[in-house]
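The values are calculated or read from the model by the stated rules, or taken from the named source; none is laboratory data. In this text, all values refer to a predicted model and were calculated from it rather than measured experimentally. Glycine gets a Cβ as well: all are built from the backbone with ideal geometry, and neighbour counts include every protein chain shown. Just so you know, the surface numbers come from the protein's heavy atoms only, side chains and all, with ligands and any DNA or RNA stripped out. Shrake-Rupley method; radii C 1.70, N 1.55, O 1.52, S 1.80 Å.
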Amino acid sequence: MPNADDWAPIADAIREMKELTSLALTDSDVGQNGGLNILEGISGCKELVELRVENCKLGEIGASQIATFLERDTCNLKLLLANDNQFGPNGANAFARALGKNACLETLAINRNDLGPKGGAAIAVALRRNRSLRSLSITENGLGADGMEAFAATIRSDTTMEELKLYGNTCGSDAAISIAEALEMNKTLHSLFFGGNEAGPVASKRFVQALKRNKTLKTLRFAANSPGSAGFELLQCSGGGRSVMGLNEFSTIVDRLQNDVVAYMVDNGLWSILDLPGIDIVSVFEPLESLEQLFHQGGDFTPQMTRGKSQPGRRSG
């Protein structure tokens, strides 16, 4: 693997490749100094449309250099993958500055870069001025509640973003509720990755309400959010071209009960599970708390039939 000094001649060679369209340096251990050479080398590559610099240890210096490239009027970059580079909050600020000016980038991935709440907020605010980005992945960056609140404000009014990955930023319930409320107003997002954010049952319930109102979101990933019994309601939001994923524990419970109860419908008509694969019997139970008991007991629970209906017998195999 080349050291920092070895990157200078490589950068010179890149500088001469005027028609270069794609450059991949993933896992190259370039470092900040080597990255400075390489990124200066691509400054004249007007045809470059794809840049992959994942896990290159570029640091703040590399983030600043990439941002400078993105700000150039001659930049035509469409895709930038820059995960795992230790950019930090200052690097996030550099990217925010560039995103406010750039008019060509469509896909950006900056996962696991320790951006923090302030760095995440800076990027979210910059997106309100950007009109080209269609996909942003900013997972596991410690955005927290403040960073996620900034993204909620952006989602409310955004008209260009189609895919947003916010996984693993541990924002908590209040910020998750803000994201759910923003979804009700958004009309362009097709895919939202929101797992691992400690949303909890109250915010999960709010997501159920949001999905009933939002008509454009097609995919929601919601793993590791401790939704409680609201997980069953989120499962029911799948269908009709929409997929709610990451709720394996709830799917497992339903699968366990295929022989006894294959569909649930609350007597007061609030919700039902009628469209899951394999459903062939509709059983009506009350009250809603029985589903919470079902969840906490891991599926080892047979609810009692109501309105005089007899309990279905256990079927073999």
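Straight Cα distances below 28 angstrom link LYS46 to the lysines LYS18, LYS57, LYS78, LYS101, with same-chain residues fewer than 8 positions distant left out.
Taking every pair of alpha-carbon atoms in region 150-217, give the share separated by more than 20 Å as a whole percent. Intermediate values should be presented prior to the final figure.
Working: 378 of 2278 pairs.
The calculated P(r) of region 150-217 puts 17 percent of pairs beyond 20 Å.
Here each label is just a point 7 Å from Cα along the line to Cβ, and for THR170 and LYS101 those points are 3.5 nm apart.
Summarise the accessible area of region 23-160 (1.4 Å probe, protein heavy atoms) by the percent that is carbon and sulfur. Could the numbers behind the result be given before it?
On the way: 2260 of 5140 Å².
Here it works out to 44 percent.
Peptide packing for 86-94, 52-60, 129-137, 208-216 was compared via the average number of neighbouring C-beta atoms within 10 Å per residue; ordered from the highest value, the list is 86-94, 52-60, 129-137, 208-216.
With bins 5 Å wide beginning at 0, the percent of Cα pairs of region 1-77 falling in each bin runs 3, 18, 28, 30, 16, 4, 0. Averaging 1/r across all pairs of distinct Cα atoms in region 37-133 and inverting the result yields a Kirkwood radius of 13.0 Å.
Annotation: amide H-H contacts under 5 Å for ASN111 (H modelled 1.01 Å from N, sequence separation of 5 or more, or interchain): ALA82, ASN83, ASP84, THR139.
Computed over the Cα atoms, what is the radius of gyration of region 113-259 divided by 2.2 N^0.38 Å, N being its residue count? Please list the in-between numbers first.
On the way: Rg = 14.7 Å, N = 147, 2.2 N^0.38 = 14.7 Å.
Output field value: 1.00.
Taken over region 203-248, the percentage of Cα pairs per 10 Å bin, counting from 0 up to the bin with the maximum distance, is 29, 63, 8.
What separates the Cα centres of region 181-221 and region 75-124 is a distance of 24 Å.
For region 103-208, what is the accessible area per residue in Å² when the probe is 1.4 Å?
Working: 3750 Å² over 106 residues.
Here the per-residue accessible area is 35 Å².
Backbone N atoms of region 86-110 closer than 19 Å to the 7 Å Cα→Cβ label point of LEU79 belong to residues 103-110.
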